[in-house]
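Reading through the structure tokens given below for one structure.
FYI, it's all coordinate maths here, none of it is from the lab. Quick caveat, the model's predicted, so the values are computed rather than measured. Reconstructed Cβ throughout: ideal geometry from the backbone, glycine too, with neighbour counts over all protein chains shown.
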Amino acid sequence: MKLLENSGIEAINNLLCLETGDSKIIGRIESYSCKMIGTEKQQYKKFSGGRSPSAVEALSPPTNGYGGYAFSTSPYSRSRTLSRSSGSEDESSSGLPVLCDTINRKTLFYLISTLNAAFPDYDFTDAKSSEFTKEPNLQFVTSNVDNLLSVAANALYGKIHEKLWITLNKEINLVDCDIYSYNPDLGSDPFGEEGSLWSFNYFFFNKKLKRIVLFTCRALSPFSQEFYESGYCSNETMEEMDYYD
């Protein structure tokens, strides 16, 4: 996966640090080409295990929260809110099979490779398809993102909301995308540290463009060590938005 440079995305990333007093929101958008580079061809061959690239695996069902996690006011904890029925993962309470989305092996490899490129300090090679979800539609995702960021940083997010989605659309053509989210257990989550209030990781995959845009975001409480290590979020950068009008 090759990281694609985009000045518009870089400008938005500079603004995706929103400090609200009781929390700090840190977001990042990155665009990747799905062209395999370096050792990825060998990695894909090992990953596929001789199976067809079109072989499919089951995904987790869509979530009720934001990218897998609901908002929590606790300084220490987050709650996972999967919309899976209680009991067996394969059957509902009525005993009937639960229908779920699937993903082909090649697309799953793209998502895993994107995570490895975006978080080089972690290894997602063994991530399972059940840790990913295919989101119902674009409106569902934009509403989740907008609602969460508006609640957490209403005035600040309002200043960048329109530019954020316009920039994303220019890069990936949102209506042509399949959208996935990464919903790991807390042990596998790069944002699973104490004091992390919530996080989301959305992948916008445009098969025609052979490109994936990753939109990742998290909220930190003052109880999180990274709250202080991530530096100061200067709201003065909001004034720079006039430059991009």
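Points to keep in mind about this one:
- For the peptides 17-30, 202-215, the ranking by packing is 202-215, 17-30, with the highest mean count of neighbouring Cβ atoms within 10 Å listed first.
- Site pair LYS35 and LEU209 shows an inter-label distance of 1.6 nm when each label is modelled 7 Å from Cα along Cα→Cβ.
- For the pair ASP123 and PHE140, the difference between a 0.36 nm per residue extended length and the Cα-Cα distance amounts to 3.2 nm.
- Nearest-0.05 FRET efficiency for ILE166 and LYS106, computed from C-beta distance (R0 25 Å): 0.25
- Radius ratio Rg over Rh of segment 104-152, counting only Cα atoms, Kirkwood formula for Rh: 1.08
- The label-point distance for VAL56 and ASN173, in a model that sets each label 7 Å from Cα toward Cβ, rounds to 2.4 nm.
- For ALA153, neighbours were defined as the other residues whose beta-carbon sits under 14 Å from its Cβ, and their charges (Lys and Arg +1, Asp and Glu -1) total 0.
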